[in-house]
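Have a look at the structure below before the remarks.
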Amino acid sequence: MLPDRPTKLVPPVLARMAAWCVCLILVGVVVYFFALVIARLTFVALPVAIALLLTALLFPLTNRLRKAGIRPIYATWITMLVALTVLVGTGWLVGARAGEEFPNLVKQVQSTARDVQDWLITGPLHLEQTQITAYVDEIANIINTQRQAITGTVLSAGAAALEVLASIVLLLFVTFFLLKDGERIWAWFLRGFGGMAPRVDRAGRVAWTTLSHYVQGTVAVAAVHGLVMGIVLAGMGVPLWAPLAVLIFFASFIPIVGIFFAGTVATLVTLGAKGLVLALVFLGILIVEQQLENHVLQPLIVGRALNFHPLAIILVLSIGGILAGIAGAAVAVPVAAVLYRALPELRHEPPALPPPEDHVEPPPGGEPPRPAPRPVPAEGTPPAAGPPSAGGTPPAGGTRSEHERGTGTARTEDA
C-alpha cells in the first residue's frame, strides 16, 4: 500500500540534506553575482576597501584630537597631513638611499658573479668556460624573447597611470569623509534597515572593532619586522637596506606569502652584494625573527582580533589571490575576520530591556505585593476629573465623595 504523502518516500536525513543543498545553492548564487558586481566596480571597490583600512588605522589619532577640544574638520585635516608627511618622508628616504647605493650594488653584484664563475670553474663542479657562456647566452635569449611582452606590459602600465591617480584621489576623499563624518554616515546607513537596525548596528560595531584591532596590530607587527630586518641589513653593510626594510614592512601585510616574497628578494640582494655566507646568516636571522613574530607578536597583538588557524589563513589568501590578485590577497584576511565576527551578531536577539522603575520585585520567598485598593465612589456620583487640589484632601474617615455628599446634605437642612 502506498503512503498517504509522497514525502514519506524520502528519508528525513535526505530531506534535510536536500534543504541544506538548496540553501547553499541560493547563497552561492548570491555570492557569485555579488562578486561579479565587485569585479565590475573594482575601480571604486578597491579604493573604498583601502580607505576603510586607512580609516581604521588613523581614527585613533582623530579621536584623540577631538577629545582635546579640536573641531572635527580641523582634527581630520591634521590627521591627513600627518599621514601624508609620513608617507612622503618615507618615500624620499627610500628614493635617496636607492639613488646613492644602486651603483655600488651593481659593482658588488658583478664582483660576486665573477667569484661564482671562478668557483664553478675551479671548484668541485669543474665546469668549462664554454658551458658557463652557453648558460649566460641562454638566459639572455630568454630575456630578449620576453622583451616584447615586457614592453607591452610597461605601455599598459603607463596607460593605467591615470586610473591609478584617479583611484588615489578617490581613496583620499573617502578616507577624509570617513574620518570626519563616520558616525553620521553610519546612522544614515542604518535608516534603511527598519526593525533590523539594532542588529545591523551591533554587527557593524563589532566588525569595526575587529577591523581596527587587526589593522593597528598588523601595522605594529610589520613595523617591528621591518625595523629589525633593516637594522640587520644595515649592520651587514648590504646596499639598499632602507628600500628592503620598507619592502619587508609592506609585505608583512600579506600573511605568510608576503614575507616569503620580501625575504627572498632581500636574501638575493644580500647574496649578490655580500656573498653566500652573509646571505645564509641573514636567512637564518629572518627565519628566527619570523618564528618569533608568528608565535609571540601575532598572538599577543593580532591574535585576539583574528583568532584564525594558519590553514584558514592560507585558504583565505588563496581565494583572495585568485579572485583579485595581490590586492585581493591583502584584503582577504581582514574581510574574512570581519565576516566571522559580525555574522553571529546578526543572528542574536537584541538584549532584553531593563524592567521599568515602578516595577516592584517580590521579596524572596514571599508573595508579590498587592496593589492598594482604589476608593469606589457612591452610586450616582461621577468620578473625579483630575487630581485633588490643594486643601481639598478628603478626611481620613471616608472618601471624597462621601465627604462632599455629607456636606451637601448639611447645607440643605440649614436652608
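The values are calculated or read from the model by the stated rules, or taken from the named source; none is laboratory data. Fair warning: this is a prediction, and the values are worked out from it, not measured in the lab. Neighbour counts run over all protein chains shown; Cβ positions are idealised from the backbone, glycine included. Side chains included, ligands, DNA and RNA excluded: accessible areas come from the protein's heavy atoms. Shrake-Rupley method; radii C 1.70, N 1.55, O 1.52, S 1.80 Å.
Values computed for the structure shown
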| item | result |
| --- | --- |
| Region 55-89, subset outside any helix (DSSP H, G or I) and open to solvent by less than 70 Å² (accessible area, probe 1.4 Å), residue nearest to Val331 (Cα to Cα) | Ile70 |
| Candidates Gly275, Gly237, filtered to the one that is in contact with a Ser or Thr (Cβ under 7 Å, 6 or more places away or on another chain) and surrounded by fewer than 18 Cβ atoms within 10 Å (Cβ to Cβ) | Gly275 |
| Test: residue in region 23-44 that is over 22 Å from Ala324 (Cα atoms) and open to solvent by less than 80 Å² (accessible area, probe 1.4 Å) | yes |
| Pairs where the first residue, in region 39-54, is part of a helix (DSSP H, G or I) and the second is of a type in the set (Val, Ile, Thr), C-beta under 6 Å, 6+ apart | Ala45/Ile38; Val48/Val174; Ala49/Val331; Ala51/Val174; Ala51/Thr175; Leu53/Val215; Leu54/Thr175 |
| Filtered residue count, region 242-272, keeping only those that are surrounded by 15 or more Cβ atoms within 10 Å (Cβ to Cβ), in a helix (DSSP H, G or I) and of a type in the set (Ser, Thr, Tyr) | 2 |
| Near pairs, Cβ below 9 angstrom, 6+ apart or cross-chain, from region 269-281 (on the phi > 0 side of the Ramachandran plot) to any residue that is exposed (fewer than 15 other Cβ atoms within 10 Å of the Cβ) and assigned to a helix (DSSP H, G or I) | Gly275/Asp115 |
| Matching residues, region 167-198, being over 21 Å from Pro60 (Cβ atoms), open to solvent by less than 50 Å² (accessible area, probe 1.4 Å) and in contact (Cβ under 8 Å) with a residue 40 or more places away in the chain | Ser167 |
| Whichever residue in region 311-351 is outside any helix (DSSP H, G or I) and free of Cβ contacts under 8 Å to residues at least 24 places away in the same chain and, among such residues, is least open to solvent (accessible area, probe 1.4 Å) | Pro351 |
| Out of Thr122, Thr112, sole residue that is open to solvent by less than 50 Å² (accessible area, probe 1.4 Å), at pLDDT below 85, of a type in the set (Val, Ile, Thr) and closer than 20 Å to Gly275 by Cα | Thr112 |
| Residues of region 200-234 satisfying the condition of being open to solvent by 30 Å² or more (accessible area, probe 1.4 Å) and among the polar types (S, T, N, Q) | Thr209, Gln216 |
| Test set (1) under 22 Å from Gly89 (Cα atoms); (2) part of a helix (DSSP H, G or I); (3) open to solvent by 20 Å² or more (accessible area, probe 1.4 Å) - Val281 fails condition number | (1) |
| Every pair of residues 6+ apart whose Cβ atoms lie under 7 Å, when the first sits in region 201-219 and is free of Cβ contacts under 8 Å to residues at least 60 places away in the same chain while the second is open to solvent by 20 Å² or more (accessible area, probe 1.4 Å) | Asp201/Leu190 |
